[in-house]
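The next block holds one structure in the form of structure tokens; read it before the comments.
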Amino acid sequence: MLTEKQIKLTIGSLLHDIGKVVYRSGDGRTHSQSGYEFLKNEAAVEDQSILDCVRFHHGKDINRAGFSEDALAYITYYADNVAAFTDRRDAEEGEDGFDKSVPLASVFNILNGNHGKCHYALQTLDPKGTINYPTEENKELDSSFYKKILDRITDNLKGITWKEEYISSLLSVLEANLSYIPSSTSRRELADISLYDHLKMTAAVAACVEQYLEAEGEDNYRERLMINAKETYEEKMFLLYSMDVSGIQKFIYTVGEKGALKGLRARSFYLEIMMEHMVDELLERLSLSRANLIYTGGGHCYLLLPNTQEVKQKIQMYHREMNAWFLEQFDIALYVAYGYAQASANNFRNEPDGSYRELYQCISQMVAEQKSHRYGAEEIQILNSKKRDGERECTACRRMAVLDERDHCPVCRALEKLSSNILHEKYFTVISEKEPDALPLPGGAYLVADSEEELLVCMGTPVYKRCYTKNNIYTGKRVTTKLWVGDYSAKDTFEELAEQSEGIQRIGILRADVDNLGTTFVHGFERMDDHNHYTTLSRTAALSRQLSLFFKLYINQILEENKRNVTIIYSGGDDVFLAGAWNDVIEAFIDLQNALKKFTQETLTISGGIGVYHSKYPINVMAKEVEHLEDASKGVEGKNAITVFSDSHSYPWSEFTEKVVGEKMDLLRSFFTDDNERGMNFLYNLVELLRNRSEKIQIARYVYLLSRMEPMESEGKEKMEAYRSFSEKMYEWAQEETDRRELITAIYLFVYMHREEKEETSNDTDQ
């Protein structure tokens with residue numbers, strides 16, 4: 001729980017720059033004055049300390065305000081400087097002043113050595129809107145756009161009261177409206193940090209500073225944070241903290257064969273909400289808001305915390321409780337490790353040079369050490385003493401438990417119910433009392449899916465803790481956050497997906513993730529020519545949020561746009577697991593690769609593997625085999641690759657699209673105009689010869705096979721010319737190793753697209 005002081009500080013810091021929207025909409029006053037008047041007159045903010053954080057967050061204003069030394073405005077002033085100074089750059093010749101028409105620059109402009117000049121379109125963050133790809137088109141902002149934004153914010157704030165339980169709603173309002181508005185329009189600054197990201201970071205820093213100074217018994221904020229600010233920038237006031245859950249993939253894949261697809265989807269969603277819940281529970285214990293959450297996804301999170309002994313003790317106790325709960329619920333299947341590094345404000349702007357990188361190195365080392373020594377003597381004793389009397393093996397997850405009449409444990413039974421609710425319900429509520437088919441969460445909590453009517457009733461009861469909304473932005477009491485969820489689903493079963501395949505009825509399984517993302521977070525903004533001063537926490541946070549939007553929200557639109565017959569099993573902060581009709585899975589992966597390339601201005605790449613299987617094939621085996629294929633793609637020089645069927649079919653993306661499904665497939669399509677049995681048998685034989693090319697006699701057989709496909713002169717000149725072109729290319733490609741590999745893959749793809757189910761399975765690829 002936050003104290004009254006902490007609530008006021010958080011709200012004041014979140015709103016301190018709201019006047020920039022008012023000012024840019026045509027108001028002639030300073031943005032601090034504009035924001036103050038707007039909140040007082042339009043948003044019904046009455047608390048003077050909140051208003052003071054808005055009106056007096058600049059040095060020249062606060063100096064003449066005559067505040068007492070412990071005024072909260074001093075903390076907001078300091079936090080604003082910390083959040084803002086990470087975005088400064090040296091002015092170029094002739095640059096000076098402000099320009100209200102400046103649009104938000106893309107954070108990918110300076111990522112991984114890029115020197116881009118792209119900006120975002122003028123829009124709000126609408127989950128049903130178009131994807132806001134950065135482009136070089138002229139997108140100057142004008143006062144009419146800012147006026148529309150201001151009207152939206154005014155309307156959105158009407159349902160919010162200035163209390164702790166509405167802080168997350170306030171964050172959602174700011175994110176929806178300010179995600180594509182630049183924090184600064186100064187020509188002397190790089191305008192790639194949104195106003196939302198700046199406000200959120202300011203609030204996070206302010207909350208940490210308040211607790212840090214409170215722990216030190218310091219209440220002279222003016223002296224510490226204003227007069228002696230330079231010295232304070234060197235103090236280790238902060239903890240950069242990370243939580244990492246192990247065992248996620250194994251947990252997800254542990255499903256029964258019946259309803260496997262729904263089971264996978266439900267388990268993935270359950271773990272995602274569990275992670276959000278764990279974050280919220282920790283923040284609540286530490287008296288912090290979700291403003292302090294930098295990133296969450298894929299079983300990982302990063303938080304900005306105050307560096308106090310009490311916080312460290314609470315973290316340690318919290319993780320002990322979490323792992324005890326995991327042991328009780330799931331034995332050793334899941335484990336949560338953590339790490340943190342002490343940091344100064346200067347470290348967050350990489351001063352001294354290299355210090356930002358060292359923060360992540362310290363965290364990674366701490367997490368790794370915990371993972372290598374999971375359990376102490378106490379935990380091992382608990383495991384050895386667990387009673388199994390009266391328990392049997394669940395037919396779905398294979399855990400020992402008390403089972404129902406269908407031989408399902410309580411968790412699997414609840415997950416089965418959740419699997420349908422994921423697609424149809426919008427609200428997922430955390431309660432403190434067990435209900436039938438509720439899923440357990442750490443800390444004595446339970447998860448249920450609710451309709452709007454059920455949620456409203458629950459909010460009025462003592463068991464209500466918080467609510468998560470899916471793919472939409474709502475405001476309300478303890479509505480913790482919206483969850484961007486990749487929930488696109490063409491069909492509900494593997495069998496149904498296989499039936500949608502072109503050619504042979506098989507499913508495709510894709511596993512993929514972004515290449516070198518960890519390195520990108522730490523080193524991606526480094527530039528040796530400017531002492532790496534673009535390497536900042538603000539940019540890391542902005543980058544994380546953009547990637548979360550892509551893989552958790554925009555992925556739905558990408559798949560929907562082309563009506564792909566696939567279902568998302570999970571899509572996290574940087575990785576994807578899809579199932580679908582085998583040919584649509586390949587096409588969907590191409591769609592995602594092209595979209596990511598456009599979205600990140602070619603600064604990031606993605607690699608993955610695709611396996612093709614019968615719909616009855618065990619899902620856990622599929623997952624392991626496709627993981628191997630993904631690893632094969634990661635082993636390609638430079639990564640940025642796709643592997644299909646088996647690890648002998650790994651290609652860089654350009655080679656796969658231009659040579660395999662382009663050049664080679666185009667030739668096969670042009671020659672085999674009808675999918676007759678003769679053509680298919682010819683290709684089966686041909687590919688066997690290509691695969692055994694090292695044997696000298698095979699080339700003669702290869703040429704002989706080609707010659708047998710030559711049409712009669714009576715069939716016409718056109719067919720003769722087509723054959724000549726076809727045979728020449730096929731012979732040429734057989735001579736060179738790279739072309740030969742590409743041709744083999746293309747033949748497999750072509751055969752699968754034209755193969756009937758009745759054909760012998762012995763002709764399958766060599767997976």
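The values are calculated or read from the model by the stated rules, or taken from the named source; none is laboratory data. None of the values given here were measured: they were computed from a predicted structure. Counting neighbours? That spans all protein chains shown, and the Cβs are built from the backbone with ideal geometry, glycine included.
Below, the figures for the structure above:
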{"read-out": "Close pairs (9 angstrom Cβ cut-off, 6 or more residues apart or separate chains): part of a loop (DSSP other than H, G, I, E, B) in the range 47-66, polar (S, T, N, Q) and modelled with pLDDT of 95 or more anywhere", "value": "PHE56/THR76; HIS57/SER13; HIS57/THR76; HIS57/THR202"}
{"read-out": "Residue pairs meeting the criteria (Cβ under 8 Å; at least 6 apart or on separate chains; first assigned by TED's automatic domain parsing to the domain that holds ILE507 and closer than 18 Å to VAL612 by Cα, in the range 728-750; second modelled with pLDDT of 90 or more and buried (at least 16 other Cβ atoms within 10 Å of the Cβ))", "value": "none"}
{"read-out": "In the range 1-23, the residues that are assigned to a loop (DSSP other than H, G, I, E, B) and either among the basic types (Lys, Arg) or under 29 Å from the mean Cα position of the chain (by Cα) (or both)", "value": "MET1, LEU2, LEU15, HIS16, ASP17, ILE18"}
{"read-out": "The range 134-167: number of residues that are more than 27 Å from ALA121 (Cβ to Cβ), in a helix (DSSP H, G or I) and hydroxyl-bearing (Ser, Thr, Tyr)", "value": "1"}
{"read-out": "Residue tally, condition without any contact (Cβ under 8 Å) to a residue 60 or more places away in the chain and in contact with a strand residue (DSSP E or B) (Cβ under 8 Å, 6 or more places away or on another chain), over the range 197-234", "value": "0"}
{"read-out": "Within the range 414-436, considering residues that are charged (D, E, K, R) and either in a strand (DSSP E or B) or more than 26 Å from the chain's Cα centre (by Cα) (or both), the one nearest to THR493 (Cα to Cα)", "value": "GLU435"}
{"read-out": "Some residue of the range 134-144 being surrounded by 20 or more Cβ atoms within 10 Å (Cβ to Cβ), closer than 29 Å to THR535 by Cα, in contact (Cβ under 8 Å) with a residue 24 or more places away in the chain and not assigned by TED's automatic domain parsing to the domain that holds SER548", "value": "yes"}
{"read-out": "Lone unmet requirement of (1) surrounded by 20 or more Cβ atoms within 10 Å (Cβ to Cβ); (2) on the phi > 0 side of the Ramachandran plot for GLY247", "value": "(1)"}
{"read-out": "Which numbered condition GLY59 fails, given (1) modelled with pLDDT of 90 or more; (2) closer than 24 Å to TYR212 by Cα", "value": "(1)"}
{"read-out": "Flag for ARG539 being within 18 Å of MET201 (Cβ to Cβ) and among the basic types (Lys, Arg)", "value": "yes"}
{"read-out": "Of the criteria (1) buried (at least 17 other Cβ atoms within 10 Å of the Cβ); (2) touching a Gly at 6+ places or on another chain (Cβ under 6 Å), which one LEU359 fails", "value": "(2)"}
{"read-out": "Residue within the range 448-459 that is surrounded by fewer than 19 Cβ atoms within 10 Å (Cβ to Cβ), in a strand (DSSP E or B) and in the same structural domain as ARG285 (by TED's automatic domain parsing) present", "value": "no"}
{"read-out": "Complete set of residues in the range 260-274 that are under 17 Å from the mean Cα position of the chain (by Cα) and more than 17 Å from VAL576 (Cβ to Cβ)", "value": "TYR270, ILE273, MET274"}
{"read-out": "Residues satisfying the stated conditions in the range 168-216, i.e. hydroxyl-bearing (Ser, Thr, Tyr) and assigned to a helix (DSSP H, G or I)", "value": "SER168, SER169, SER172, TYR196, THR202, TYR212"}
{"read-out": "Single unsatisfied condition, ASN640 versus (1) buried (at least 16 other Cβ atoms within 10 Å of the Cβ); (2) under 15 Å from GLY508 (Cβ atoms); (3) assigned by TED's automatic domain parsing to the domain that holds ASP515", "value": "(2)"}
{"read-out": "Where a residue in the range 689-707 is loosely packed, with under 14 Cβ neighbours inside 10 Å and outside any helix (DSSP H, G or I) and its partner, wherever it lies, is modelled with pLDDT under 75 and not aromatic (Phe, Trp, Tyr), with Cβ under 8 Å and at least six apart", "value": "ASN692/GLN698"}
